[in-house]
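What follows is one structure encoded as structure tokens, with my remarks underneath.
The values are calculated or read from the model by the stated rules, or taken from the named source; none is laboratory data. Just so it is clear, the model here is predicted, and its values are computed rather than measured. No Cβ is skipped: glycine too gets one built from the backbone with ideal geometry, and neighbour counts run over all protein chains shown. To get the accessible areas, we keep the full protein, side chains included, count just its heavy atoms, and leave off ligands, DNA and RNA. Shrake-Rupley method; radii C 1.70, N 1.55, O 1.52, S 1.80 Å.
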Amino acid sequence: TVHTKRPEQPWSGPTTVHDNRFTPVTEALLLDDKNWIAVDNETDVDGGPNEPGDGKVGTMYICWSFDGSQAPLQEIVVMRSVDGGRTWGGFAPGDNTPQPVSHKLLISGIGCQVAIGPRGEVYVTWYDNQLDALMQVKSTDRGRSFSPERPIASITGINEQFEGQAFRNLSIPSTAVDRQGNVYAVVASRDAEGAPFPVGATRQDAKRYLHNRRPTNRQNG
């Protein structure tokens, strides 16, 4: 759910973004995890300019890990609102159907984050803890469609507690876009290890990179 506040008005009550409780089975099996919200303050919902105080509404986005609580389902999904947070949808307003942006159903990632560029470009970035890589998609039509996911960097992910602690650590990225459209990503990586992938890299490239950097066990002859 989200709450919204408009100028000189109190906070709204909760507005449902996505609901797993429509059947007992979905309520028991599905989990919405680690959500992130962002608002396009650069363009309005039709792609025109969006200036402070002009009364126009920018597209709002929420991404999260759509998980199976009792099965190995895990997708990174997005829903958006084009009416200031009153209604939400993945493909159409109010459809309660998240739009998947990752396409590996079985454990495809965790900890997504949304950043918006100066022309309304939308970047969704997350950590794939199987590939040890940051993955990213981009939309240039205000979230109606997204590019295929691609790896942007390899890391050595942190997926456990630090010594003497009980709280879990996780390499969840944070991203930002400057006024020139340059995209930045930061993430925790063990011993600062990491390397960028070239433009056009694919999930298969990330798999090969991960395989090649793993130590091999050699036996003395």
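Taking a straight Cα-Cα cut-off under 30 Å and skipping sequence neighbours fewer than 8 places away in the same chain, the lysines within cross-link reach of residue 5 are 34, 56, 138. Considering the options 122, 74, 209, tell which one lies farthest towards the positive end of the dipole of the chain, charges being +1 on Lys and Arg and -1 on Asp and Glu at the Cβ, about the Cα centre. The residue sitting most towards the positive pole is 209. Normalised Debye scattering of the stretch 1-111 at q = 0.16 Å⁻¹ gives log10 I(q)/I(0) of -0.77, counting only Cα atoms as equal scatterers and leaving out solvent.
Pair-distance distribution P(r) for the chain, from all Cα-Cα distances in 10 Å bins starting at 0: 8, 30, 33, 20, 7, 2, 1, 0 percent.
With 0.36 nm allotted per residue and the present C-alpha distance subtracted, the residue 176-residue 22 stretch has 51.9 nm of extension available.
Annotation note: chymotrypsin sites (Phe, Trp or Tyr not before Pro) in the stretch 103-187 located in DSSP loop regions with a Cβ neighbour count of at most 11 within 10 Å are 162, 167. The GluC sites (Glu not before Pro) of the stretch 1-73 meeting both criteria, a DSSP state outside H, G, I, E and B (loop) and at most 15 other C-beta atoms within 10 angstrom of the site's C-beta, are 8. Between residue 97 and residue 163, the simple label model (points 7 Å from Cα in the Cβ direction) yields a spacing of 5.2 nm. Between the C-alpha center of the stretch 42-105 and that of the stretch 130-159 there is a gap of 16 Å.
Normalise the Cα radius of gyration of the stretch 68-132 by 2.2 N^0.38 Å (N = residues in it) and let me know the number.
1.25
Rounded to 0.05, the FRET efficiency of the residue 9 and residue 51 pair, given R0 = 22 Å and the Cβ-Cβ distance, is 0.60.
Taking the Cα centre of the chain as origin and assigning +1 to Lys and Arg Cβ atoms and -1 to Asp and Glu Cβ atoms, the resulting dipole is close to 600 debye.
When all protein chains stay in place and ligands, DNA and RNA are ignored, the 1.4 Å accessible-area order of 138, 104, largest first, is 138, 104. Looking at the stretch 159-218, the trypsin sites (Lys or Arg not before Pro) that sit in a DSSP loop and have at most 16 other Cβ atoms within 10 Å of their own Cβ are 168, 179, 218.
Computed about its Cα centre, the charge dipole of the stretch 137-221 is approximately 340 debye, with only Lys, Arg, Asp and Glu carrying charge at their Cβ.
Helix 203-213 and the longest principal axis of the C-alpha atoms of the chain enclose an angle of approximately 30°.
With viscosity 1.002 mPa s and temperature 20 °C, the Kirkwood radius over alpha carbon pairs of the stretch 29-84 converts through Stokes-Einstein to a diffusion coefficient of 168 µm²/s.
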